[in-house]
Amino acid sequence: MTAPNVFQPPTHEGHTTHIGSLDEYRRMHRESIDNPEQFFGKLGRELLSWSKPSTTVKSGGFHDGDIAWFLGGELNVSYNCVDRHAAENPDRVAIIWEADEPGHDERWTYRKLQQEVCRFANVLLKFGVRKGDTVAIYLPMVPEAAVAMLACTRIGAIHSTVFAGFSAEALRDRILDADCRILITADQGKRGGKTVHLKQIADEALAGCPHVRNVIVFQRTGDMAVPFSAPRDVWWHEEVADQRPYCPPVPMNSEDPLFMLYTSGSTGKPKGVLHTQAGYLLGAAATCKYVFDIHPGDVFGCMADVGWITGHSYIVYGPLALGVTTVMFESVPTYPNASRYWVMVDKHRITQFYTAPTAIRALRRLGDEPVAPYKLDSLRVLGSVGEPINPEAWLWYHDVVGRKRCMIVDTYWQTETGSHIITPLPGVTPTKPGSATLPFFGIDVAILDPETGRELEGNDVTGVLAVRQPFPSLTRTVYNNHRRYLDTYMRPYNGYYFTGDGATRDSDGYIWINGRLDDVINVAGHRISTAEVEAALILHPACAEAAVVGVAHDVTGQAIVCFCTLKSHGAGDSLEKALIGQVRTHIGPFATPQRVVIVHDLPKTRSGKIMRRILRKIAGKEVTIKDYDEPESIAAKLGDLSTLAEPGVVKHLLERFA
Ligand code: PRX
């Protein structure tokens with residue numbers, strides 16, 4: 001019998017899913033763990049085209065951080081994502097671009113994509129980019145972003161895409177860390193009717209990057225007032241016009257670097273998570289095929305931004321490797337109104353739709369009316385990514401968007417894993433709202449005791465989520481900092497890849513993700529480190545100390561709350577606003593704190609360590625000033641306060657937060 005909160009995978013008339021049953025999945029999963037060489041060797045031959053086959057499938061391990069897949073093999077990622085489909089189906093649509101302006105779209109065939117990628121690869125060569133060089137990409141959601149990425153892969157350059165919502169300082173730091181000599185950007189971006197001044201921001205960043213030789217500027221809006229300084233700056237459209245629409249793809253070794261993507265950790269500056277050619281592409285293609293049940297002719301709609309890993313794997317590399325149509329959406333779900341997604345699904349006959357719980361929650365709040373008039377009958381699979389999805393949002397997605405006939409895939413993964421690692425599969429997995437369910441092929445999940453590191457066997461256990469053996473799309477290093485790679489992922493629990501998340505395995509063996517165990521806050525699916533926000537705040541001349549915590553938020557999952565002490569007394573709204581602005585300038589608008597509270601003191605232990613646990617509970621309103629007169633209630637809610645150096649600080653904080 002089926003429990004009421006379990007949903008059987010739906011079937012669609014005339015459609016057969018790639019995998020037909022839970023038993024078949026279990027058999028395949030078992031094989032992928034017991035015999036990864038055979039399983040992934042076969043999958044690699046099926047899904048990828050090689051200029052030279054590999055001699056070994058899997059080598060290296062977590063302990064030495066020398067994981068390698070498909071050694072001896074050679075392939076080219078742009079060939080796999082473009083040429084082979086352009087040769088077979090030149091007129092098939094590769095990219096549908098849905099522009100910010102409602103009603104504006106473009107359809108790019110595989111033939112056109114190949115020509116544009118080749119022309120742009122030739123532009124890169126003209127400007128001296130060679131195999132192994134790093135190239136920074138700071139572009140809005142235009143097809144040219146995919147072109148720029150694919151052109152890099154064509155000539156073996158390593159791209160570092162920086163989300164166009166990052167500030168000048170964040171862009172500068174990333175360009176410097178990766179030592180990029182070329183930046184690709186746009187005059188301006190458009191989002192929800194607003195203009196983003198990308199070139200202006202890029203110029204500010206470049207003031208601190210003396211090694212950048214050239215900036216290739218794509219004209220998105222054509223605003224003549226955009227700053228442009230020749231000969232450093234060149235226009236994309238002028239440069240490609242002179243280039244031949246063919247450029248031979250460079251054969252790359254399986255383990256050559258493909259791209260890096262910066263992500264936040266609990267300490268220090270963002271790290272350049274590095275992915276390599278074959279393993280990454282196989283992970284992206286295999287998950288696209290099985291998790292979204294992609295078939296020829298499908299129109300895949302991932303609403304993420306190419307500046308994040310979701311955009312890399314599920315807008316560009318995964319769907320294009322499979323030769324289907326991918327949608328690039330430049331706008332926001334509420335522009336010009338809350339029907340934007342659904343108009344688009346019907347217009348382009350989208351078959352798989354993939355977005356973040358934040359968007360689902362925001363739309364759910366606006367009611368069913370904006371969804372009701374649309375047919376949405378092309379949809380088969382609805383995906384969720386980036387943060388835990390609460391059952392209410394899951395059910396709304398399932399009932400109102402999916403009309404109870406679509407599979408919901410709550411996909412758990414990370415920038416580091418490159419592709420999904422825990423997720424339901426269409427045709428296979430009975431789903432439970434809020435659970436990412438079962439591991440993907442090759443993922444050997446372990447739940448560890450956080451203190452002892454011992455594996456918690458069996459079901460009904462909660463602990464640290466880890467992976468027991470390497471899988472193809474796992475990151476191979478942190479750019480220029482292998483020590484940090486080992487320390488962050490491989491050393492915390494010897495012999496395992498440490499995800500940084502907590503998880504529960506329930507009585508049916510289903511995995512539930514409980515969120516980050518480190519000081520990383522997840523705001524609207526964006527990973528933000530408290531240390532980075534604190535570092536931004538203390539750069540303000542008035543700020544002495546800062547402590548940042550995440551609090552629950554109805555729409556964005558979590559929100560940022562900052563506690564700051566000042567160098568000299570004085571407070572007021574204007575300073576709080578200035579401190580909020582400080583975070584926007586140093587990181588970007590997506591990291592805007594919900595609140596900055598100026599306090600006289602922070603709760604510290606006698607050794608000076610900030611007790612964030614207390615701040616988290618106060619900011620989360622788990623305890624309020626009303627509780628203060630009842631010492632028992634304070635102790636029950638805040639836990640042991642005996643290590644506090646200055647016990648009076650609790651009352652002060654409660655008053656300030658009231
Ligand atoms: O905490 C987990 C959360 O997002 C983190 C990874 O963030 P990032 O590297 O930016 O990649 C986002 C896109 C995959 C994870 O450590 N996370 C991601 N997906 C889920 C999730 N938490 C719960 N459920 C998910 N489906």
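Take the range 370-385 and flag every residue that is more than 16 Å from the ligand (Cβ to nearest atom), out of contact with any Lys or Arg (no Cβ under 7 Å at 6 or more places or on another chain) and closer than 17 Å to Thr351 by Cβ.
Matches in the range 370-385: Tyr374, Lys375, Asp377, Leu379, Arg380.
So Thr504 fits all but one of (1) closer than 28 Å to Phe7 by Cα; (2) within 21 Å of the chain's Cα centre (by Cα); (3) within 16 Å of the ligand (Cβ to nearest atom); what number is the exception?
Among (1) closer than 28 Å to Phe7 by Cα; (2) within 21 Å of the chain's Cα centre (by Cα); (3) within 16 Å of the ligand (Cβ to nearest atom), Thr504 violates only (2).
Of the residues that sit in the range 394-417 and are open to solvent by less than 10 Å² (accessible area, probe 1.4 Å), away from the ligand (no atom under 12 Å from the Cβ) and part of a helix (DSSP H, G or I), which one is nearest to Arg516 (Cα to Cα)?
Looking at residues that are open to solvent by less than 10 Å² (accessible area, probe 1.4 Å), away from the ligand (no atom under 12 Å from the Cβ) and part of a helix (DSSP H, G or I), I get Tyr397.
Taking the range 355-393 as the region of interest, how many residues are part of a loop (DSSP other than H, G, I, E, B), over 22 Å from Gly418 (Cβ atoms) and charged (D, E, K, R)?
Final tally of qualifying residues: 5.
Quick check, is Phe218 buried (at least 21 other Cβ atoms within 10 Å of the Cβ), touching an Asp or Glu at 6+ places or on another chain (Cβ under 7 Å) and either within 22 Å of Glu116 (Cβ to Cβ) or at pLDDT 95 or above (or both)?
It is true that Phe218 is buried (at least 21 other Cβ atoms within 10 Å of the Cβ), touching an Asp or Glu at 6+ places or on another chain (Cβ under 7 Å) and either within 22 Å of Glu116 (Cβ to Cβ) or at pLDDT 95 or above (or both).
Take Leu322 and decide whether it is closer than 25 Å to Thr475 by Cα and within 16 Å of the ligand (Cβ to nearest atom).
no
Of all residues in the range 135-157, which are more than 30 Å from Lys194 (Cβ to Cβ) and open to solvent by 10 Å² or more (accessible area, probe 1.4 Å)?
none
Please verify whether Leu320 is on the phi < 0 side of the Ramachandran plot, in contact with a helix residue (DSSP H, G or I) (Cβ under 8 Å, 6 or more places away or on another chain), in a loop (DSSP other than H, G, I, E, B) and open to solvent by less than 10 Å² (accessible area, probe 1.4 Å), treating the condition exactly as stated.
no
Mind checking whether some residue in the range 279-292 is more than 16 Å from the ligand (Cβ to nearest atom) and touching a strand residue (DSSP E or B) at 6+ places or on another chain (Cβ under 6 Å)?
Yes, the range 279-292 contains a residue that is more than 16 Å from the ligand (Cβ to nearest atom) and touching a strand residue (DSSP E or B) at 6+ places or on another chain (Cβ under 6 Å).
Within 25 Å of Val273 (Cα to Cα), modelled with pLDDT of 95 or more and charged (D, E, K, R) - does that describe any residue in the range 498-520?
So far as the range 498-520 goes, yes, one or more of its residues are within 25 Å of Val273 (Cα to Cα), modelled with pLDDT of 95 or more and charged (D, E, K, R).
Only one residue in Thr585, Thr565, Thr530 is open to solvent by less than 60 Å² (accessible area, probe 1.4 Å), over 23 Å from Pro433 (Cβ atoms) and either of a type in the set (Asp, Glu) or more than 16 Å from the ligand (Cβ to nearest atom) (or both), so which one is that?
From the options Thr585, Thr565, Thr530, the qualifying one is Thr565.
From Ala536, Ala503, Ala559, which residue is of a type outside the set (S, T, N, Q) and in contact with a helix residue (DSSP H, G or I) (Cβ under 8 Å, 6 or more places away or on another chain)?
Testing whether each residue is of a type outside the set (S, T, N, Q) and in contact with a helix residue (DSSP H, G or I) (Cβ under 8 Å, 6 or more places away or on another chain) leaves just Ala536.
Is it the case that the range 96-107 has a residue that's outside any strand (DSSP E or B), at pLDDT 95 or above and closer than 30 Å to Arg484 by Cα?
No - not one qualifying residue is present in the range 96-107.
Quick check: is even one residue across the range 129-140 part of a helix (DSSP H, G or I), at pLDDT 95 or above and either outside the structural domain of Val327 (by TED's automatic domain parsing) or touching a Ser or Thr at 6+ places or on another chain (Cβ under 7 Å) (or both)?
Within the range 129-140, none of the residues are part of a helix (DSSP H, G or I), at pLDDT 95 or above and either outside the structural domain of Val327 (by TED's automatic domain parsing) or touching a Ser or Thr at 6+ places or on another chain (Cβ under 7 Å) (or both).
Find the residue count for the range 522-578, including only residues that are acidic (Asp, Glu) and over 28 Å from the mean Cα position of the chain (by Cα).
Looking only at that region, the number is 3.
Please go through the range 418-445 and give me each residue that is of a type outside the set (S, T, N, Q), within 10 Å of the ligand (Cβ to nearest atom) and either open to solvent by 20 Å² or more (accessible area, probe 1.4 Å) or in a loop (DSSP other than H, G, I, E, B) (or both), ordered by number.
Gly418, His420, Ile421, Gly434, Ala436
Of everything in the range 446-487, what is of a type in the set (S, T, N, Q) and crowded, with 20+ Cβ neighbours inside 10 Å? Give them in sequence order.
Ser473, Thr475, Thr477
Would you tally the residues in the range 14-29 being in a loop (DSSP other than H, G, I, E, B) and open to solvent by 40 Å² or more (accessible area, probe 1.4 Å)?
Looking only at that region, the number is 6.
The values are calculated or read from the model by the stated rules, or taken from the named source; none is laboratory data. The model shown is predicted, which means the values in this text are computed figures rather than measured ones. All Cβ positions, glycine included, derive from the backbone under ideal geometry; neighbour counts span all protein chains shown. The area values use the complete protein model at the heavy-atom level, side chains included, leaving out ligands, DNA and RNA. Shrake-Rupley method; radii C 1.70, N 1.55, O 1.52, S 1.80 Å.
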